[in-house]
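Reviewing the structure listed below.
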Amino acid sequence: MSKKTIFKLFGLLMVVSMLVAACAPQTATEAPTGEVSDDVFIFGRGADSVQLDPALVTDGESFRVTGQILEPLYQYEFGTTVPVPALAEECVASDDAKVWTCSLRQGVKFHDGTDFNADAVVFNYERWRFTGNPYHFDTQVFEYYEYMWGGFDDDSVITAVTALDEYTVEFTLRDPLAPFLANLAMDMFAISSPAAIEAAGVDYGTPSVGAVGTGPFKFVSWQEGTEIVVEANEDYWGGVPGVGQIVFRVIPDDSARFLALQAGDIHGLEQAVVEDLQTAESSDDLYVLTRPALNTGYLAFNYKIEEFNNPLVREAVDLALDKEGLVANFYGDYGEVATNFLPPLIWGHNEALTDRGYDPERARELLADAGFPDGLSEVTIAEDIVDAEGNVLYAVGDKIPLRIYYMPVTRFYYPSPQEIGTAMAANLFAAGIEAELYLEGDWPTYLDGRRNGTLVGLYMLGWGGDNGDPDNFLGYFFAKGEEPMKNEGWYQNVEVAQKLQEAAITPDREARQALYEEVEQLLHDDIARIWIAHNNTPLIFSTAVEGYGPQPVGADYFEFVTFVD
């Protein structure tokens with residue numbers, strides 16, 4: 001059997017392992033051991049990281065790197081969504097599931113030589129939780145902590161993190177939290193060196209400082225917009241990694257990135273245009289792995305636009321988009337049309353829901369019913385929209401052109417985003433909706449616009465699962481929806497929020513399943529967003545390397561990569 005065939009089978013086996021994850025053994029995969037290699041593995045990617053302090057970011061390109069440098073208390077078993085011990089050897093719940101006692105791995109050191117211990121865990125969790133902590137800076141946004149743990153300070157479901165002794169930590173919760181271990185394993189809750197944070201202050205995670213963890217690789221350098229370099233941690237508790245260095249090289253153009261792979265300038269990449277994927281599949285020098293489709297690309301509405309508060313207009317936009325055509329042209333055989341926010345591989349997915357379909361004529365009729373018989377090209381600001389500093393960007397009553405904001409970077413849920421945005425605009429135009437394609441700025445600027453609710457139109461975004469639990473999709477986005485959420489386009493749905501809050505503290509999985517299915521139905525009926533596609537994300541590699549570990553959730557495992565002799 002050829003190496004290429006082996007790796008294709010490995011991709012299929014990963015999907016199978018997802019389906020039997022509940023039966024998988026609860027043990028971590030051990031990294032290779034041996035001498036440090038001189039080999040340099042170069043991975044091509046479409047965008048740079050935003051930050052290397054994982055507590056402060058939400059983008060996968062940041063986690064791709066931080067996941068090699070830093071580790072959480074738990075991680076995900078190779079190829080599955082099963083949380084298994086990492087820096088913790090075991091976490092045991094009390095009978096009421098409100099107290100978790102974690103025994104920590106002993107003898108582990110941070111890359112700066114300081115000890116990993118219970119005090120380090122307490123330092124990190126208190127920094128994230130308490131807004132008055134000296135290292136919880138006002139200029140920084142700890143978005144994941146707020147959503148996954150219910151808020152900051154007294155709002156947090158974590159009421160105390162206590163060091164019982166040097167290697168034992170106790171978490172006390174206000175209420176039972178069904179995905180507690182899954183949350184612990186998320187990349188953004190990886191443990192940083194307290195000494196490094198104290199020394200760098202607000203600059204921790206920036207290009208001049210990088211990050212300091214316990215992981216298989218150590219930060220070396222970051223040339224913004226070009227590359228990040230990490231090197232093997234010779235003292236890694238899991239064994240010496242298979243390569244001496246990794247270079248994460250930024251090549252924004254999809255075709256140029258693939259050409260670099262063909263030329264041998266890089267050894268692997270994620271995502272390519274359909275034609276290049278077909279070339280890779282037939283090449284003797286390349287092979288394709290896939291990451292199971294635990295992701296969703298979507299088109300969101302900004303609800304401070306008056307017209308988008310009319311469900312007829314939202315339905316018209318939905319019917320105007322040829323999702324089957326978008327998937328065929330830009331995802332190929334790796335994509336599928338989305339009907340839920342939750343991908344089919346995540347329990348809670350509502351199988352009864354179907355896409356409304358592609359019907360531009362019906363879309364025109366709905367626009368006419370909504371009061372736009374001549375179509376829609378200009379929209380009205382319903383409430384003042386202000387920036388992060390409080391400056392009014394758009395005042396109530398302002399008329400502005402309808403925009404589609406397209407993402408400035410390729411992501412696994414949106415390959416070729418500018419081209420997809422162009423196709424969406426053409427679909428809308430055919431249904432009487434004239435929207436201009438709009439570039440907000442670079443990736444951090446785009447994400448800031450999403451966070452502050454200032455993407456004033458339709459905007460493209462997506463989500464990849466972090467922990468395999470439906471709360472990480474639905475709860476993260478909509479559990480705060482009793483009030484308008486600026487970072488979700490000012491969307492508000494009280495019933496959805498209440499059901500999600502109930503689901504998060506319900507221990508019975510069947511009861512949670514029913515709640516998530518109800519939430520998906522409510523979001524569908526409300527046309528809260530337009531779900532576009534799920535992508536079985538392709539990764540292409542040179543046959544010169546093997547062992548790359550694509551993960552369904554969290555950062556991929558790079559420590560197993562080796563060069564073929």
Charge tally for neighbours of Asp469 with beta carbon under 12 Å away, counting Lys, Arg as +1 and Asp, Glu as -1, is 0
Placing +1 on each Lys and Arg Cβ and -1 on each Asp and Glu Cβ in the chain, then taking the dipole about the Cα centre, the residue among Trp347, Val288, Val92 whose Cα reaches farthest towards the positive end is Val288
Footprinting proxy, Ser221, Ser208: sorted fewest to most Cβ within 10 Å, the residues are Ser208, Ser221
Length gained if Asp442 through Phe137 is fully extended, taking 0.36 nm per residue and subtracting the Cα-Cα distance, is 107.4 nm
Counting only DSSP beta bridges with both partners in the chain, the antiparallel fraction in percent, to the nearest 5, comes to 80
Here the relative contact order (percent) of the stretch 172-234, from C-alpha pairs under 8 Å and at least 6 apart, is 20
Taking a straight Cα-to-Cα line shorter than 14 Å from Lys109, and setting aside same-chain aspartates and glutamates fewer than 8 residues away, one finds Glu71, Asp119, Glu166, Glu234, Asp235
Ranked output for segments 41-48, 494-501 by mean other Cβ atoms within 10 Å, highest leading, reads 41-48, 494-501
Net charge (Lys, Arg +1; Asp, Glu -1) of residues whose beta-carbon lies under 10 Å from that of Ala300, Ala300 excluded, is +1
Rounded to one decimal in nm, the spacing of the 7 Å Cα→Cβ label points at Ala388 and Ser283 is 3.9
Rounded to the angstrom and largest first, Cα extents along the principal axes for the chain equal 71, 57, 45
Whole-number value, in Å³ per residue, for the convex hull of the alpha carbons of the stretch 295-535 is 117
Once the in-chain neighbours fewer than 8 apart are removed, the aspartates and glutamates whose Cα is under 14 Å from Lys480 read Glu143, Glu146, Asp155, Asp471, Glu488, Glu495, Glu502
To the nearest 20 debye, the chain has a Cα-centred charge dipole, built from +1 on Lys and Arg Cβ and -1 on Asp and Glu Cβ, of 520
In the chain, whole DSSP H helices that both stretch 24 Å or further along their axis by alpha carbon positions and average at least 0.0 on the Kyte-Doolittle scale are 3-19
Final fewest-first order of Phe258, Phe137 on the 10 Å Cβ neighbour count is Phe137, Phe258
Taking 0.36 nm per residue of separation between Ala426 and Glu495 and subtracting their Cα-Cα distance, the length gained on full extension comes to 21.3 nm
Ranked output for segments 160-169, 515-524 by mean other Cβ atoms within 10 Å, highest leading, reads 515-524, 160-169
Over 26 Å (Cα to Cα) among Lys98/Lys486; Lys98/Lys499; Lys304/Lys499 -> Lys98/Lys486
So Asp112 and Glu510, fully extended at 0.36 nm per residue minus their Cα-Cα distance, gain in nm 138.7 nm
Relative contact order of the stretch 295-535 (C-alpha contacts under 8 Å, at least 6 apart) in percent is 32
Final fewest-first order of Phe130, Phe78 on the 10 Å Cβ neighbour count is Phe130, Phe78
The relative contact order of the chain, taking Cα pairs under 8 Å that sit 6 or more residues apart, comes to a percentage of 20
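Read-outs throughout are calculated quantities, based only on the coordinates presented, and are distinct from any laboratory measurement. These figures come from a predicted structure and were not determined experimentally. With ideal geometry, Cβ positions are generated from the backbone for all residues, glycine too; neighbour counts draw on all protein chains shown.
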